[in-house]
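Student: Below is one structure. I have some questions about it.
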């Protein structure tokens, strides 16, 4: 995520934090990212196949712009487990990318995702699930360009996971 998006997310976290229920764990600014597909534990010997699948999935992708949207909660504001900031994707690039990646990973034997893809940045997790207000001001931001996918390894830890980039897969340059 570009620094301006992380700054905007940090300001939402600060504002939302005042009224957040007990048990909320905020995502550190440096960990803000858009998850396109979570694979879970993967054996090291599968990494080459996974990288190949990502490369194939993004082969025809052209860069596109998105912008920060409104705040929300999964599965709902009445029983929130995740607080998020939406990403507005007028060209449908994120949805197309998610579909392409999903198809590639299903071919590798990963389970198909049953939930509809909703482009978002997770900014907090709640345990236990709690009611929240999603009426929080999200500062306006300029659109930003999505021009690559990065394959990450996540290492669980306290106070937050560590994300290690393994490979980056650039898109073709569009007519920006």
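Student: Taking the beta-carbon count within 10 Å as an exposure proxy, list 16, 26 from fewest neighbours to most.
Tutor: 26, 16
Student: For helix 93-107, what angle does its Cα long axis make with the longest principal axis of the chain, in degrees from 0 to 90 and rounded to 10?
Tutor: Taking the Cα atoms of the chain, the angle to 93-107 is about 60 degrees.
Student: Turning to a different aspect of this structure: With label points built 7 Å along Cα→Cβ from the Cα atoms of residue 48 and residue 125, find their separation and express it in nm.
Tutor: 3.2 nm
Student: I want to check the label-to-label distance for residue 25 and residue 70. Put each point 7 Å from Cα in the C-beta direction and report it in nm to one decimal.
Tutor: Rounded to a tenth, the inter-label distance reads 2.9 nm.
Student: Here is a further query. Please work out, to two decimal places, the log10 of the ratio I(q)/I(0) at q = 0.10, 0.15 Å⁻¹ from a Debye calculation in which every Cα of the chain carries one identical scatterer.
Tutor: At q = 0.10, 0.15 Å⁻¹ the computed log10 ratios are -0.41, -0.94.
Student: Helix 47-58 sits at what angle to the longest principal axis of the chain, using alpha carbons and giving 0 to 90 degrees rounded to 10?
Tutor: 90 degrees
Student: Provide the gained length on full extension for the span residue 118 to residue 41, in nm with one decimal, where the gain is 0.36 nm per separating residue minus the Cα-Cα distance.
Tutor: 25.4 nm
Student: Before rounding to the nearest 500, sum -39500 (n - 2.57) across all DSSP H runs of length at least 4 in the chain and divide by the residue total; then give [θ] at 222 nm in deg cm²/dmol.
Tutor: Working: 3 runs with 42 residues, N = 176.
-7500 deg cm²/dmol, from helical runs alone.
Student: When only Cα pairs under 8 Å and 6 or more residues apart are kept, what is the percent relative contact order across the chain? Let's see the in-between values first.
Tutor: Values: 285 pairs, mean separation 56.2, N = 176.
This gives 32 percent for the chain.
Student: If you don't mind, there's one more thing I want to ask. Can you put 27, 18 in order of Cβ neighbours within 10 angstrom, beginning with the fewest? Provide the component values of the computation, followed by the final result.
Tutor: On the way: 27 20, 18 7.
Ascending number of Cβ neighbours within 10 Å: 18, 27.
Student: Ranked by Cβ crowding within 10 angstrom, fewest neighbours first, how are 155, 37 ordered? Display every interim value, and only then the final one.
Tutor: Working: 155 9, 37 19.
Listing 155, 37 from fewest to most nearby Cβ atoms yields 155, 37.
Student: Okay, moving on. Using the alpha-carbon atoms, what tilt in degrees (0 to 90, nearest 10) does helix 3-17 show relative to the longest principal axis of the chain?
Tutor: Roughly 30 degrees, rounded to the nearest 10.
Bear in mind these aren't lab numbers, they're just calculated from the coordinates by the rules spelled out. The structure presented is a predicted model; accordingly, all values stated were derived computationally and were not measured. As a convention, Cβ positions derive from the backbone with ideal geometry for all residues, glycine included, and neighbour counts pool all protein chains shown.
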